[in-house]
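Novice: Before anything else, here's the structure in question.
The values are calculated or read from the model by the stated rules, or taken from the named source; none is laboratory data. Remember, predicted model here, so these are calculated numbers, not experimental data. All Cβ positions, even for glycine, are placed from backbone atoms using ideal geometry, and neighbour counts span all protein chains on display. Just so you know, the surface numbers come from the protein's heavy atoms only, side chains and all, with ligands and any DNA or RNA stripped out. Shrake-Rupley method; radii C 1.70, N 1.55, O 1.52, S 1.80 Å.
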Amino acid sequence: MIRLAIQAKGRLSEESTQLLSECGLSVDQSKRKLLARCEDFPLEIIYLRDDDIPGAVSTGVADAGIVGMNEVVEKEYELNIIHKMGFGKCRISLALPKGEEYSGIEWFSGRRVATSYPVILEKFFRERQVKVDIHQIAGSVEVAPSVGMADAIFDIVSSGGTLISNGLKEVERVFFSEAVFVTNRNLSKDKEMIIKQLVSRFQPVERSRGMKYLLMNLPSDMVERVSTILPGMRSPTIMPLAQKGWCSMHIVVKESEIWPKLETLKSLGAEGILILSLEKMML
Ligand code: PRT
Ligand code: ZN
């Protein structure tokens, strides 16, 4: 049995829970307590605040966790990072009031910067030999300049909307983060084995993200041309239609590749184009 820490409530909680469920790991969510047992896998979920996950995993309260890379690096615990989850992507950036003229990193020399990520920020300025006054605050970092608490901020940015609505502009992108799967460094062989099995379940689900199953009817003599436009995986599946000279072509392809090629497909005679979702790609 392993114990996995995931965020109880917040930006990573839904995707973490959804991934587990897509991997066939059903956890009773209706009675969300601190701990929940998975029915058909030796897994127990512990729901924590994201800030507490690196500490819980490094001390062995949990064996593994899904948490933002930003928290792992900021907390400086010794952990093994064994998988990038592909969600929770964001960056931590330096931002200033939009009216300020920014000439480069020297702008920060002697200025006050508010942040919840002092460790990452201190390292950034130390490496560049710029002396700044770092003010650690727990939340509402983006309002610090407007209330006179700081000259600039260092905070998480994703769309950039929060910065704009607070009259700030992003000037340096310092750290890029996404959710990662971390484990304790001293796990037993048995637990390592279970974790390996668990992570191997993530991959088929992740592989199918953004992929679609595309079907279309096509004049048989167009198959070769369409195959060069949309190669699919190994090669397309071709099935004859009852009508002579026509076939049905099936390919697994990235959705983003389909849209720009749709008009070309039609001009080559493709008809009855269907785009179906894919659940898992085992290999
Ligand atoms: O309660 P708990 O402590 O568990 O949650 P929390 O409020 O500390 O964290 P939460 O749920 O906000 O974020 C959890 C993790 O999600 C972070 O540690 C990051 O790894 C990741 N993440 C991804 C983000 C964002 N995107 C994000 N946009 N974390 C925070 N934000 C905030 C940011 O702080 C800012 O206020 O969103 C705002 C900026 O968003 P944009 O889109 O306006 O730029
Ligand atoms: Zn938090």
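Novice: Which count do you get for residues in the stretch 90-113 that are away from ligand 1 (no atom under 16 Å from the Cβ) and not hydroxyl-bearing (Ser, Thr, Tyr)?
Specialist: The qualifying residues number 12.
Novice: While we're on this one: Return only the number of the condition from (1) within 14 Å of ligand 2 (Cβ to nearest atom); (2) modelled with pLDDT of 95 or more; (3) of a type in the set (D, E, K, R) that Arg3 does not satisfy.
Specialist: Every condition holds for Arg3 apart from (1).
Novice: Ok, one more. What do you reckon, is Lys169 away from ligand 2 (no atom under 16 Å from the Cβ), closer than 30 Å to Gly86 by Cα and exposed (fewer than 14 other Cβ atoms within 10 Å of the Cβ)?
Specialist: Judged against the criteria, Lys169 is not a match.
Novice: Follow-up. Can you confirm whether Ile229 is in contact (Cβ under 8 Å) with a residue 40 or more places away in the chain, aliphatic (A, V, I, L, M), open to solvent by 30 Å² or more (accessible area, probe 1.4 Å) and touching a Lys or Arg at 6+ places or on another chain (Cβ under 8 Å)?
Specialist: No: the conditions fail for Ile229.
Novice: Another one. Kindly indicate whether any position in the stretch 77-86 is within 16 Å of ligand 2 (Cβ to nearest atom) and buried (at least 21 other Cβ atoms within 10 Å of the Cβ).
Specialist: no
Novice: Could you list, in sequence order, the residues of the stretch 155-184 that are under 23 Å from the mean Cα position of the chain (by Cα) and more than 11 Å from ligand 1 (Cβ to nearest atom)?
Specialist: Answer for the stretch 155-184, where residues must be under 23 Å from the mean Cα position of the chain (by Cα) and more than 11 Å from ligand 1 (Cβ to nearest atom): Glu172, Arg173, Val174, Phe181, Val182, Thr183, Asn184.
Novice: If you take the residues of the stretch 6-39 that are assigned to a strand (DSSP E or B) and either away from ligand 2 (no atom under 16 Å from the Cβ) or open to solvent by 30 Å² or more (accessible area, probe 1.4 Å) (or both), which of them is modelled with the lowest pLDDT?
Specialist: That would be Val27.
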